[in-house]
Structures are given as structure tokens and as C-alpha cells.
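Below is one structure, written out as C-alpha cells; comments come after it.
Only the coordinates and a few stated rules stand behind these numbers; no lab work does. Since we're looking at a predicted model, the values are computed, not measured. FYI the Cβ positions are ideal-geometry reconstructions off the backbone, even for glycines, and counts take in every protein chain you see.
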């Protein structure tokens, strides 16, 4: 490669690098600004709001006042606990119910298996927004309005979850199944002792996706829950932001509290989540 | 078959069926039952129920329910707010789907290059996906503040005039669109990335030997081989775009003057502010039919077999 061509290559690489860098920076600016501002006292936020200075991004008098207010003005800790409770129960139950079904679809033979699976997949087109009204009425009939059951039970069975796990299960070699069968293992035993332990990545992936979806759930909890003691965190933040509309510091503090756990969990289990998304792209 | 003969051998040896052993079909049905039941009760039956209610004038404030035939559907056709919300949803989807997908592809290609810190870049573009829609909308709501928001602050620094953003019926929707693209592009990017990494390097090397340039290899190798991934992304993004709700609730409440009221927001308003369940079900059913048709169309036009 001659000199000018090599020079050109380095040039394009540098341009690419710089461009990506600024784009990435632009992408994370909202979060950084919100995070930093959550530690600024109310007056300071507006003092340096405009025009843009470096002080806009640095808390000159860092304070935890905003966070304190978030917990005292509304039952925010309660919101977080409720959401943790609902998300955890839904995720764990969902993993069990969906993996059992996925195992049956991946490994067991029964009449109509593929047809039922196909029909199940086709329900993916039924989205929560479309059925929110009848679901609400059904939940109302069951007497579950304003209870956590309404949040948990409808969220357990998931066609997507079954699809995802079945993909993972299909990759597990059948010889292990056969060996276990010869040793007298029951169908449930194979599921419990062979398939489940070997599909930890798949379970973690689905668990993460489900947990995140439940943590950030908004529309359904908005409709179904009325009392503040049962409220979930996203609905809590929305009402908090309307109530304290000019108190940016507080709002940012609430937002940070809501996002921090997710971002941390995500950072740790990143590769599972991303792999899960990528896998579902290969239908 | 090998398995059957092993089993029959076992039966012969042990002389009888194992105790408390479920037959394969029964185990199969039993294992799928909880999940199938859940999906039936909370997905399939609601659709049928919604269909039924859409033919009544069911109102939660009024216990009496009458069958009113096609009245709800007739009302909807004559409802200017329905058409406005449909227009808004199409406006939103029409901009977001192509723009976000193209941007996602670009970012995926960018992140796929062998540059240092590409893990950082990938995470930077993906973090908005992980934070919730409500928190994202709240942050951007403040960023868009017409007097002291961050964006206007940056504009002023650059010598440009302040913009009304969410308070202007013209700028509100684009403002919401920008936020949504920022939030979701990382998701599509990751899927494209997986698709890109599935293309064998040898193909690129082969055409490079034949003298093909970067643009040509993109057009004749990358694009065709990403067809399936692209279809998946287009379908998912379209469905998500038509179902958008939280940003509108948090950022604008559907305004100003219904400029950002999407169809789901309208359904929610009718059902849970006005309690008109019958009408809301009719609206929801129209949305359902719309999504169904669009998805089928996308599969028809973009779901072709790809040859190497």
C-alpha cells in the first residue's frame, strides 16, 4: 500500500473515531446532565441553566437534598419496594412457567405440538396496548383492581419467552436426555436436572428482559393501580414530575433512583441481554 | 428407531411400565398448560371480548350494556379526534421507522469497525434503551424546556434563537420523535450488529479481489444478506411506533391541541377518562387490524428468500 493510500486510511479512521466519539457523547449527555443536576441545589440549577457553561454540568455545591425530598414528599421507597416485589415475582414465575412450556415444545412429542406452537407465536401480534381495555375489564371481574395480582398474573405467561427459551433448549444435545431416560428419569426430571441447569444463559437472558420490562412498566400499572401504597415506580415518577414540575433537581433525583438499579444490573449482565436480543432477531 | 428400541428393551427387562410415569403426550400437554392458559386468558380471550364489547355501548359509569351494532364503528369514522390521532400515529411511525432503522444500521456499521473503545461506543448508544421510557421522557421534557432547558441553552450558546419545542403544535411531534429515536436506536443497532457479524468475511474479501469498492460491497453483499434482519427490525419498530404512549403522556399530555396525540393515547383517554369502554374497544380493534395488516404487508413485500 503506497504512502498516500495509507495516509488516507489513517485519516478516515481518525474522522470515524472523532465522529463516533462526539455522537456517543451526545447520546449520553442527557443522562449525565440529569445525573449531575440531581446533586445540585434548586437555585444553582437555574443559575447556570443558560447560556451553556461548564458549570451547567458540574455541581458547585453538591447536595443530597433532592434525594431526601424525593423520599419524604412521596412514598418513593414504597414505590421502589412494590416494583421490586412485582418484578421479581413475575420474573421468577415467568421463568418457571415459560421454561416448562418451552421444554415441552422443544423436547416432547405430542399431537398438535407444532400447530399449538405456531398459534402461540401468532399471539405475539396481540400487544398489551390493544387489549388493555378488555384486560382491565377481566381483571375488574376478578376483583384484582388496585392489587398486585393484577400486575403479576397477566405478566407471567409469555409467548416471546417460550420462543426464546425453546431456541436455547434446542441447542442442548439430546444424548443427555436419552441417557437420563435410560436411567429411569421422568420427563419432569430431565427438565429439572438436565435442561434447566444447562440453559442458565437463556434463563438469565429472559429473566433480565422480563425484569427490566416489569420494572419500567407504565401503561398497565397506570390503569390498574390507584392507591399510592401499591403504586409502581414509573407511575410514581410521572405523578411526581407533574406535581413538582419546576423542581428539576428532585425530578432528576427520582429519575436517577429509578434508573440506577437497572443500569447497574444491565452493566453486569450486559452480554446476556444483548445476546437475547440478537437471538430473537434470527427467527 | 434407536430410542424406541431402547425403551422397549427396558420395558422388557423391567417387565412393566415405570410407576407414576407420565406418557410423553400427557407430560407435553401438562407442561404447556400453565403458559397456554395464561396466554389464552390474558391475550386471546381479551381480543374476542374486545370485539364483543365494541358492539355495545358499555360505559363503566352506567351499568346497563346495550348492543348497538355498528354504531361505535360509525362514530369512529366520523370522529375528527380519531382521524387526528391516526394521522399523528402515522406521522410518528412514518418518520421513526425509516429514520431510526437507517440510523441503527449506520451505527451498527460504525460500531462494527475495528476501532478501539468500540465497547464504549456500543454501550453509549445502548444505554438509552435500558432506562425506562418514563424517565427518558421526563429528562427530555426538562431538556426541551422553552426558557432554560439544556437544548435551548446549547442553541443560545451557538447564537441560535430559543425554540418552543413541546409548546409548539408544529415542533412538538418532531421533538417527541427525536427523543424516541434516541431512546430506541440502540436496540435496532444491536440486532443489526448481530446480523452484520453473521456475514462471512470471505465474501467481502472475494469481491475486493474482483475490484469492488466499499459502496459496492455494501450494496451487493451487506444489504441483501441483512434482508431478514431488516425485516425483523422494520416489523418490530413499526409495531412499537404505532403503540407509543408514555412519551406523549409524560411530555405533552397529547397536546398542544392534540398535536402529539397518538392512537393509543386516544384509546386510553376514551376508556379511562371518559369510561366509554364500548367505543374504546372499537378503537382498539381498529388499531389491532391496522397492526395486523401492516405486519402482513411487510412480510409479503420484504420476506423473500436470499441466495448467496
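Key figures for this structure:
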read-out: Per-residue mean of C-beta atoms belonging to partner chains within 10 Å, peptide A:46-56; value: 4
read-out: Packing-based ranking, highest mean first, of B:76-84, B:276-284, B:198-206 given that Cβ atoms within 10 Å are counted; value: B:276-284, B:76-84, B:198-206
read-out: Average Cα contact separation per residue, chain A, under 8 Å, 6 or more apart, as relative contact order %; value: 29 percent
read-out: Cα-projected label distance for residue A:178 with residue B:117, points at 7 Å along beta-carbon direction, nm; value: 5.3 nm
read-out: Within 10 Å of each Cβ in B:139-150, the average number of Cβ atoms from other chains; value: 5
read-out: Within chain B, helix-based [θ] at 222 nm, where runs of 4 or more DSSP H residues each add -39,500 (n - 2.57), nearest 500; value: -21000 deg cm²/dmol
read-out: Euclidean distance between Cα centres, the stretch A:92-118 to the stretch B:129-176, Å; value: 46 Å
read-out: Tilt relative to chain A, helix A:76-107 - C-alpha long axis, 0 to 90 degrees, to 10; value: 30 degrees
read-out: Relative contact order computed over chain B (Cα-Cα under 8 Å; 6+ residues apart), in percent; value: 27 percent
read-out: Rounded to 10°, Cα long-axis angle of helix A:270-280 versus longest principal axis of chain A; value: 60 degrees
read-out: Three-way shape label, the stretch B:80-302, alpha-carbon gyration tensor, a/c 1.5; value: oblate
read-out: Highest to lowest packing among B:291-297, A:99-105, A:218-224, scored as the average C-beta count within 10 Å; value: A:99-105, A:218-224, B:291-297
read-out: Order of A:54, B:268 under a 10 Å beta carbon neighbour criterion, fewest first; value: A:54, B:268
read-out: Pairwise label distance in nanometres, residue A:14 with residue B:66, each label 7 Å out on the Cα-Cβ vector; value: 7.9 nm
read-out: Helix-only mean residue ellipticity at 222 nm for chain A, each DSSP H run of n ≥ 4 adding -39500 (n - 2.57), per residue, nearest 500; value: -22500 deg cm²/dmol
read-out: Cβ crowding within 10 Å averaged over residues, with A:141-154, A:13-26 ranked highest first; value: A:141-154, A:13-26
read-out: Stokes-Einstein D (µm²/s) once Rh is taken as the Kirkwood radius of the stretch A:63-221 over alpha-carbon pairs, at 20 °C in 1.002 mPa s; value: 119 µm²/s
read-out: Sequence of B:141, A:208, B:37 once ranked by neighbouring C-beta atoms within 10 Å, starting from the fewest; value: B:37, A:208, B:141
read-out: Averaged over A:19-31, number of beta-carbon atoms from partner chains that fall within 10 Å; value: 6
read-out: Extension reserve of the residue A:142-residue A:22 stretch, reckoned as 0.36 nm per residue once the Cα distance is removed; value: 37.9 nm
read-out: Ranking of B:153, B:147 by count of other Cβ atoms within 10 Å, fewest first; value: B:147, B:153
read-out: Alpha-carbon centroids, the stretch B:207-263 and the stretch A:134-167: separation in whole Å; value: 29 Å
read-out: FRET efficiency, residue B:199 to residue A:260 (Cβ-Cβ, R0 35 Å, nearest 0.05); value: 0.40
read-out: Kirkwood Rh in Å, taken over the protein assembly as shown so that all alpha-carbon pairs contribute; value: 26.5 Å
read-out: FRET efficiency estimate (nearest 0.05) - Cβ-Cβ, residue A:6 to residue A:170, R0 60 angstrom; value: 0.80
read-out: The stretch B:32-83 versus the stretch A:1-52: alpha-carbon centroid distance in Å; value: 49 Å
read-out: Percent of alpha-carbon pairs separated by more than 15 Å within the stretch A:193-280; value: 67 percent
read-out: Cα-based shape type of the stretch A:3-68, given that a ≥ b ≥ c are square roots of the gyration tensor eigenvalues and the cut on a/c is 1.5; value: prolate
read-out: Tilt relative to chain A, helix A:248-268 - C-alpha long axis, 0 to 90 degrees, to 10; value: 40 degrees
